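The values are calculated or read from the model by the stated rules, or taken from the named source; none is laboratory data. Here the structure is a predicted model, which is why all the values come from computation and not from measurement. Virtual Cβ from ideal backbone geometry, glycine too; neighbours counted across all protein chains shown. Only protein heavy atoms, including side chains, enter the accessible area calculation; ligands, DNA and RNA are left aside. Shrake-Rupley method; radii C 1.70, N 1.55, O 1.52, S 1.80 Å.
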Amino acid sequence: MGLVSATTSAIIGFVLLLAGIPKLNEHDGVLRSVRGYKVLPVRLEAPIARILPVAETVVGILLVLGPVLGTAHRLAALAAAVMFASFFTGLTINLLRGRRDLDCGCFAFGVGEIPRIGWFHAVRAGILAVIAVAVAATAGQAEIGVQVVAATFGFLLVLAGVALAQIRSVVHLGRRPVDDYLSSASIRLRTAETTSRYGS
């Protein structure tokens, strides 16, 4: 198994770990998210909500360790493909229904954030499903040294992606949040001055 394939496996694994670990102690949040999709029979919602974070975490670990595990690696990649394909299906169904105001439950449950999904989420899940299938197709044995390098590269790439997403959430190109804040403060000040001038 080559370095590129092993690194891809590690990236998928770390993505699943990033998704699964924070949700292990967030059963209520996961259950709300699963119910929000409205695609499963009611009797399956609670079991899926309990199994999903554990499955994401276990499959993620197996994909990071990947090539040193042999057959378990291929099975883990196939399991990842099934999970991502399921996410893609659920997201797409809801987007086609016109239901965008729901929590995708992809990674965590942000406090104070407005839950909302878009085609970006569905496309991302679809791409990850295809990549996971490719990993399963190329799964094979690799030397420990290759896997250590691959896991390191994978971790750094996922870390860079997380950092970029965080920066993107607070920095808006073409707009300065400070100016927005000062503008709204200025409007409030002028309103108060007008009220005090003509209201008394």
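Test each condition in (1) open to solvent by 70 Å² or more (accessible area, probe 1.4 Å); (2) more than 16 Å from the chain's Cα centre (by Cα) for Phe88 and report the one that comes out false.
All conditions pass for Phe88, except number (2).
Go through (1) part of a helix (DSSP H, G or I); (2) touching a residue at least 24 places away in the same chain (Cβ under 8 Å); (3) open to solvent by less than 20 Å² (accessible area, probe 1.4 Å) for Val15 and report which single condition fails.
The number of the failed condition is (3).
Identify the residue in region 68-85 that is surrounded by 23 or more Cβ atoms within 10 Å (Cβ to Cβ) and not aliphatic (A, V, I, L, M) and, among all such residues, is nearest to the chain's Cα centre (by Cα). Quick ask: steps written out before the conclusion?
Initially, region 68-85 is screened for residues surrounded by 23 or more Cβ atoms within 10 Å (Cβ to Cβ), giving 73, 76-77, 80, 84.
Restricting the remaining residues to those that are not aliphatic (A, V, I, L, M) gives 73, 84.
Values: His73: 22, Phe84: 10 Å.
Checking each candidate, the answer is Phe84.
So, Arg43, is that one touching an Asp or Glu at 6+ places or on another chain (Cβ under 6 Å) and not acidic (Asp, Glu) or not? Break it down stepwise before answering.
Values: touching an Asp or Glu at 6+ places or on another chain (Cβ under 6 Å): no; not acidic (Asp, Glu): yes.
In short, no.
Suppose we keep only residues that are closer than 20 Å to Val133 by Cβ and not in a helix (DSSP H, G or I) within region 18-74. Which one would you say is modelled with the lowest pLDDT?
Leu69
Name the residue that is surrounded by the fewest Cβ atoms within 10 Å (Cβ to Cβ), counting only residues in region 27-66 that are touching a residue at least 60 places away in the same chain (Cβ under 8 Å) and within 15 Å of the chain's Cα centre (by Cα).
Gly29
I'd like to verify a number: residues in region 139-154 that are surrounded by fewer than 17 Cβ atoms within 10 Å (Cβ to Cβ) and either of a type in the set (S, T, N, Q) or at pLDDT 80 or above (or both), how many? Reasoning before the result, please.
Applying the first criterion (surrounded by fewer than 17 Cβ atoms within 10 Å (Cβ to Cβ)) to region 139-154 yields 140-141, 143-145, 148-149, 152.
With either of a type in the set (S, T, N, Q) or at pLDDT 80 or above (or both) added as a condition, the list becomes 141, 148-149, 152.
Going through region 139-154 one residue at a time, the tally reaches 4.
Does Ala6 satisfy being among the hydrophobic types (A, V, I, L, M, F, W, C), over 25 Å from Leu156 (Cα atoms) and at pLDDT below 95? Show your work before the answer.
Details: among the hydrophobic types (A, V, I, L, M, F, W, C): yes; over 25 Å from Leu156 (Cα atoms): no; at pLDDT below 95: yes.
No; evaluated as a whole, the condition is false for this residue.
In this structure, is Ala77 within 23 Å of Val146 (Cα to Cα) and in a helix (DSSP H, G or I)? Walk me through it before giving the result.
Values: within 23 Å of Val146 (Cα to Cα): yes; in a helix (DSSP H, G or I): yes.
Yes.
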